[in-house]
1. Need the full-extension length gain, Ser76 to Cys143, defined as separation in residues times 0.36 nm minus the C-alpha distance. One decimal, nm.
2. I want the local charge near Glu250. Using Cβ-Cβ distances under 15 Å, sum +1 for each Lys or Arg and -1 for each Asp or Glu among the other residues.
3. By counting other Cβ atoms within 10 Å of each Cβ, how are Lys174, Lys242, Lys37 ranked from fewest to most?
4. Between Gln89 and Gln272, what's the calculated FRET efficiency when r is the beta-carbon distance and R0 is 45 Å? Round to 0.05.
5. Students often forget the sequence filter, so: which lysines lie under 30 Å Cα-Cα from Lys276 once same-chain residues fewer than 8 apart are removed?
6. With the chain treated as a Gaussian network of Cα nodes joined by springs under 10 Å, which of Met254, Met236, Met97 yields the largest mean-square fluctuation?
7. Among DSSP bridges having both ends in the chain, what percentage is antiparallel? Round to the nearest 5.
8. If you wrap a convex hull around the C-alpha atoms of the chain and split its volume per residue, what is the figure in Å³?
Amino acid sequence: MEKEFTLGFIGLGVMGHSMAQHLIDAGYTLNLYNRTKSKADDLLCDRVRWCDSPAQVASRSDITFSIVGYPADVESIYLGQDGIASGIQEGSVAVDMTTTRPSLMLTIEKELKNKGAFFADAPVSGGDKGAREATLTFMTGCCDEVFERIRPYLSLMGKSINHCGGVSMGQQTKMCNQILIAGTMIGLCEALVYGAAAGLDVAEMVNTIRPGAAGCWSLDNYAPRVLKGDFEPGFMIDHFIKDMGLALEEAERMQLCLPGLALVKQLYTALQAQGKGRKGTQMLVRVIEQLSARECFREASN
């Protein structure tokens with residue numbers, strides 16, 4: 001009897017929980033692992049099987065998806081004790097959707113290839129909202145055959161599924177994405193503080209400039225949160241600092257000078273030093289306020 005086709009999922013954070021839910025809603029059997037088991041409680045059903053390790057997920061799954069926090073987490077779930085590499089079956093595929101170090105993707109690919117398995121890196125953009133609404137953008141690095149194999153499942157979690165080249169090229173594309181976001185975030189926060197200081201109705205200002213050349217995803221999604229005093233994470237400051245650090249590390253390796261990115265990383269590091277690392281990236285507006293001795297946008301009380 002032919003084995004039932006199953007998927008695996010590792011990592012149930014701000015984005016991963018919603019992404020796993022979309023796969024369950026599509027009717028797939030899902031093998032599930034998360035470091036904190038309680039985060040999986042509301043997902044468990046007759047088609048969802050809890051696993052005790054990443055290795056167990058991989059051993060039971062035809063395709064295993066993962067999205068965790070930091071490069072050390074990725075290395076642990078793939079190459080550590082009871083990691084994916086120790087349990088993956090010949091012919092199966094692992095897909096890491098974390099934003100992480102490009103060179104680590106090549107190391108993992110080599111290890112899985114030795115086991116007769118395949119690997120893809122597929123970092124995402126779109127934040128918590130994109131994860132909830134299945135509108136994420138995927139930047140995928142793998143061979144053509146693997147891309148065609150995983151695309152239908154990525155399409156359940158996102159709406160823009162892009163093949164960027166071989167393994168690690170998804171991560172390199174994501175570095176470009178984060179460099180651009182760093183620039184738009186400082187521009188957004190400076191514009192909001194300027195508008196408030198000038199006496200504008202800031203909400204009306206945002207609505208006025210949105211359809212023009214200044215329109216962007218960050219303006220649409222983060223300006224309303226700032227105006228409401230909502231600084232909870234769609235994307236966490238700690239994770240963005242990690243991403244910017246990875247991009248600067250890659251830039252240094254290529255002998256590139258990226259002064260704008262370096263500045264924005266320093267401003268976010270100031271927030272991290274103030275204990276705000278688990279807040280959303282829109283809290284950059286606080287640094288701009290502090291530099292000008294202003295308080296324009298108060299944080300809403302919970």
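Laboratory data are not the source of any read-out in this text; all were calculated from the coordinates shown. Predicted, not measured: the structure shown is a model, and the values here were computed from it. In this analysis, Cβ positions are derived from the backbone assuming ideal geometry, glycine residues included, and neighbour counts consider all displayed protein chains.
1. Taking Ser76 through Cys143 to full extension adds about 21.7 nm, to one decimal.
2. Local net charge: +1.
3. Fewest to most other Cβ atoms nearby, the residues stand as Lys37, Lys242, Lys174.
4. After rounding to 0.05, the efficiency reads 0.65.
5. Here the lysines satisfying the reach criterion relative to Lys276 are Lys37, Lys39, Lys129, Lys174, Lys228, Lys242, Lys265.
6. Per the Cα network of the chain with a 10 Å cutoff, Met254 tops the list.
7. On the way: 4 of 30 bridges.
In the chain, DSSP labels about 15 percent of beta bridges as antiparallel.
8. 145 Å³
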